[in-house]
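Accompanying notes for the structure given below.
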Amino acid sequence: MAPMPEGDRQLVEAAKTGDRQALERLLAAHQGRIFSFGMKMCRDTEDAQDVVQETLIAAARTLPEFRGASSVSTWLYTIARSFCIKKRRTSKFAPAHVLSLDDEAEQVAGLPHPDRGPEEDVAGRQVKSVLDEAIAALEPMYREVLVLRDVEGLSAPEVAEVMGLTIEAVKSRLHRARVAVRERVAPALGQADAASAPGAGCRDVVELFSRRLEGEIDGSACADLEKHLEGCPTCRGRCDSLRSTLSLCKRAGEAPVPPAVERSVRLALQSFLDARA
């Protein structure tokens, strides 16, 4: 496991001594990532707000028990995941439906970019919508892995810790999730040919390419893959579309918490801390 960042370590130590400001700063630093995770898993702003609020309050309550064996973010994702599971059981959304993210979060993430023209912004929002729908269409067991690994940027061992799985099980689910999302997103990226079946005599190399990105294949297999891609435009396009999809996933975790949600969460946390004082 990667060592805990020094800033988090100092805040944890100070918070454990009763420093309320340190605790609030620690939790505020991570609330955006927890909200992003809640949005992808619950697909509703109110549910995601509940998840981040309940997660931060639970973290404040149990901080004395946190020993620092994992990172703060991994610890918080583990708490958030339990609340997401509870939300799924009572969600007003039918799991079989493909839904894009809530309008409020969509508006925040879809603001015009100053370096792009109107047509590029429209195209960018369309691709983002397709990505959101592709992630939402995954079964929860695959969606969790993809969101934690490719959207939130946790390592495979960290994802395994959050989900209580082996690293091998995490990677197996991850590759299947990546292949499924890529197939939906590729046409929106203008790579319709890349979404078609491999050519005659070709293997389906997308999962193999995903395994390469996770460092799961040896040098000889990497060399064979590179040689095949050099001579096969279809397979090269499929792998390029996966790379583009993963880049989009990474950017999907960068949207800020809507101001109304941030205010509500902050007030709820302050109310909890005041009552405990």
Item to check | the range 125-150 and the range 204-232: distance between their alpha carbon centers, rounded to Å | outcome: 24
Item to check | Cα→Cβ-extended label distance, 7 Å offset, between Ala223 and Phe66, nm | outcome: 4.7
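Readers should treat all values here as calculations from the given coordinates under stated rules, not as data from a laboratory. Since we're looking at a predicted model, the values are computed, not measured. For neighbour counting, all protein chains shown are included, and Cβ atoms are generated from backbone atoms with ideal geometry for every residue, glycine included.
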